[in-house]
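Novice: Have a look at this one.
The values are calculated or read from the model by the stated rules, or taken from the named source; none is laboratory data. Every value quoted in this text rests on a predicted model; they were computed, and no experiment measured them. Cβ placement follows ideal geometry from the backbone for every residue including glycine, while neighbour counts extend to all protein chains displayed. Calculation scope for accessible area: heavy atoms of the full protein, side chains included, ligands and nucleic acids excluded. Shrake-Rupley method; radii C 1.70, N 1.55, O 1.52, S 1.80 Å.
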Amino acid sequence: MALRSCIVLLFLATSLCADDFQDTLQPLLSGRCADCHSGDEPSGDLALDAITREQLLQQPQLLHELFRVVDTGAMPPETADPLPLDIRQQATAAFFSLLQQAQHQKPAATPVWRLNRFQYNNTVRDLFQLNRQVLPLPEKLMTRYGSWLTDMAALPQKQRRLPDAVEARSHTLSPETGLSGVRPFPRDLQAEHGFDNQTDQLTLSPLLLDAFLRLSYSIVDSPDFNAESVGIWDRFFADPELPDAAGPQQQLAEIRSRLSWFLPLAFRQPVDAATVARYVDYAGSCLQANPDFTAAMKRVAAAAMSSPLFLLRVSATGDADRQFAAASRLSYFLWGSSPDEQLLEQAKAGRLADPAVVAAEVQRMLADPRIERFLDTFPAQWMHLENAV
């Protein structure tokens, strides 16, 4: 839908009242729609000639479909006269208003879905600032090489132009290798519209949870997971510089400091003191079994990657977490990964309710090299390019 159409629709929807069903929708449904959608055998088994406002409010999916077919002009069919533009705008605005009321009246269950394989790879890579892929990703049908996209984004608008040639490769034919010793979980199923990020396809069975547990430990145990490949090595995994006389309490204090920074990044939201304490206790038990500090921190990192707080994305259920849910929606849409520290800070300060702040963050994210991940996935899935012969 064009931006101008969206503005018109929202403007009209804000001025609707309860009489709009009787004045706008009922004449349309009983008049223009009843030719096909009435009688004993209505088209699509959908009778609209006598449907009431209350019945529509109880069927938000039907409301959404009616809104869609009228807004796009799919209905009336090509064999019938099209709706005049003013009637179509009034009808879509009325359907939109009813849909908002239906959702408010009967809220849908809070969607919970896990990270798909592409998002998991990117989230782990960004969390540890890895300089390579974690998993091979054959779902990357086509990706560009070089920095032309971000270089162009840094230029003034009038100076931007596409290069004459762009280097591209298909990772479906020749995937990049990941960390050695790491075996990825199977590629996620695509929903009917071609996307692999649909909630109903991204469940977490006990068997898959066990696979994620083994996967997280294989990542930190990989010989490629070391000080040369991990950007946060010195800050999180390296031995602390403590006095020679330092005892276990000083070590635990250092672990608590590191986890207080790491866990909110891993879980994409604030972490309470009790949760931090559990991970500190786990690190302490690892140190008792093996005094290797780096090995203990690897165990803790693997445990964090096995947590539902890391694997699952949950929509906001209240004002307290709505900002962080918005940050995750934005980052997983544009970057296919978790929010960075700056975006989480904006959420913590409650600034993501400000359209100007969101616009500035979007511009920053578009200029970041991670925007390539959006181009690697969304266009190909949207246009079903994998089906091209």
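Novice: Counting only residues 5 or more places away or on other chains, whose amide H sits under 5 Å from the amide H of Leu130 once H atoms are built in the peptide plane?
Specialist: Answer set, sorted by chain and number: Gly231.
Novice: Rounded to the nearest percent, how much of the accessible area of the range 255-353 (1.4 Å probe, protein heavy atoms only) is carbon and sulfur?
Specialist: Taking all protein chains in place, the range 255-353 shows 53 percent carbon and sulfur surface.
Novice: Continuing with this model, one more query. Can you tell me the alpha carbon radius of gyration of the range 200-292 divided by the globular rule-of-thumb value 2.2 N^0.38 Å?
Specialist: Working it through for the range 200-292, the quotient is 1.26.
Novice: What shape does the range 254-380 have by the C-alpha gyration tensor, where a ≥ b ≥ c are the square roots of the eigenvalues, rounded means a/c under 1.5, and otherwise prolate means a/b greater than b/c and oblate the rest?
Specialist: On the way: a/c = 2.49, a/b = 1.79, b/c = 1.39.
Prolate shape, in that a/c is at least 1.5 and a/b is the bigger ratio.
Novice: Might you work out the accessible area of Met297 for me, using a 1.4 Å probe with all protein chains in place, and round it to the nearest 10 Å²?
Specialist: 0 Å²
Novice: Could I ask something else about it? Report Arg235's accessible area, 1.4 Å probe, all protein chains in place, as a number in Å² to the nearest 10.
Specialist: 130 Å²
Novice: What ranking of His64, His37 comes out by heavy-atom accessible area, probe 1.4 Å, highest first?
Specialist: On the way: His64 95, His37 35 Å².
From most exposed to least exposed: His64, His37.
Novice: Could you please report the charge total around Leu343, scoring K, R as +1 and D, E as -1 over all other residues with beta-carbon less than 12 angstrom from its beta-carbon? It would help to have the intermediate numbers written out before the result.
Specialist: Values: positive: Arg268, Arg329, Lys348, Arg351, Arg364, Arg370; negative: Asp126, Asp340, Glu341, Glu345, Glu361, Asp368.
Once all neighbours under 12 Å are counted, the net charge is 0.
Novice: Sticking with this one: Tell me the accessible surface of Glu54 in square angstrom (1.4 angstrom probe, heavy atoms of protein chains only), to the nearest ten.
Specialist: 110 Å²
Novice: Right, another one. Around Ala302, with a cut-off of 11 angstrom between Cβ atoms, what is the net charge of the other residues, counting Lys and Arg +1 and Asp and Glu -1?
Specialist: Summing Lys/Arg as +1 and Asp/Glu as -1 gives +2.
Novice: Long-range amide H contacts for Arg313: which residues qualify at under 5 Å (H placed 1.01 Å from N, peptide plane, sequence gap of 5 or more or a different chain)?
Specialist: Trp113, Arg114, Leu115
Novice: Taking 30 Å as R0, compute the FRET efficiency from the Cβ-Cβ separation of Arg351 and Leu155 and round it to 0.05.
Specialist: With a Förster radius of 30 Å, E is 0.65.
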